[in-house]
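K.L.:
Mind having a look at this structure? Questions to follow.
The values are calculated or read from the model by the stated rules, or taken from the named source; none is laboratory data. Just so you know, these numbers come straight off a predicted model, no measurement behind them. Note: ideal-geometry Cβ built from the backbone for every residue, glycine included; neighbour counts use all protein chains shown. These accessible areas exclude ligands, DNA and RNA; they are computed on the full protein's heavy atoms, side chains included. Shrake-Rupley method; radii C 1.70, N 1.55, O 1.52, S 1.80 Å.
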Amino acid sequence: MANGHAYTPRETRIYEDDVKRFYISQCHYTPYPKGVALRLVITFLYAIPKSASMKQRQAMLSGVKKPTVKPDLSNAVKTIEDALNGLAYYDDAQITDLHPKKRYAIEASILVEITEDDE
């Protein structure tokens, strides 16, 4: 923190802006209102490296081998939470149930599911 303000690195701000733009283009919802408890499921899908053997590819696609590469899961989740603040929900403090994971897939992508946490 500098001068009492949190500093977000340029690369992170660009990534958050990309998440916001994609969310707006894909979702036509109004944000969940303040006070509504939410369940957030995030799956970070990493592309299988071209150098992977057929056996490695099979292990990656079946979930036997999981990505242990950066970024770490907690930082990736926080970036998504922050990007959707004020857009998908009033505040990320509303998230009461969180299910993040990293997996391999043919193409890299991020899957996000937000629902009311009524359990």
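K.L.:
Separation between the Ala59 and Ile14 pseudo-spin-labels, each 7 Å from Cα along Cα→Cβ, expressed in nm?
P.N.:
For the pair Ala59/Ile14, the computed spacing is 3.4 nm.
K.L.:
If we count chymotrypsin sites (Phe, Trp or Tyr not before Pro) as exposed when they sit in a DSSP loop and have at most 14 other beta carbons within 10 Å, what is the longest stretch of the chain that avoids them all?
P.N.:
For chymotrypsin sites (Phe, Trp or Tyr not before Pro) (loop position, at most 14 other Cβ atoms within 10 Å), the longest site-free span of the chain is 30-119.
K.L.:
Here are several values of Cα Rg over 2.2 N^0.38 Å: (1) 1.21; (2) 1.10; (3) 0.98. Which one was derived from the coordinates shown?
P.N.:
Of the labelled values, this structure produces (1).
K.L.:
Less than 11 Å Cβ to Cβ from Asp117, Lys/Arg counted +1 and Asp/Glu -1: what total charge do the surrounding residues give?
P.N.:
Once positives and negatives cancel, what remains is -3.
K.L.:
Okay, moving on. Could you check how much of the accessible area of the chain is carbon and sulfur, as a whole percent, using a 1.4 Å probe?
P.N.:
About 54 percent, which is the carbon plus sulfur part of the accessible surface.
K.L.:
Measure up Lys55/Lys101; Lys34/Lys101; Lys34/Lys66; Lys20/Lys102 against 31 Å on the Cα-Cα distance and list the ones that go over.
P.N.:
Lys34/Lys66
K.L.:
If we count every other residue with Cβ under 15 angstrom of Lys34's Cβ, Lys/Arg +1 and Asp/Glu -1, where does the sum land?
P.N.:
-4
K.L.:
Can you work out the accessible area per residue across the chain, with the rest of the protein chains kept in place, probe 1.4 Å, in square angstrom?
P.N.:
70
K.L.:
How many nm is it between the label spots at Ala47 and Val69, if each spot is 7 Å from the Cα in line with the beta carbon?
P.N.:
0.9
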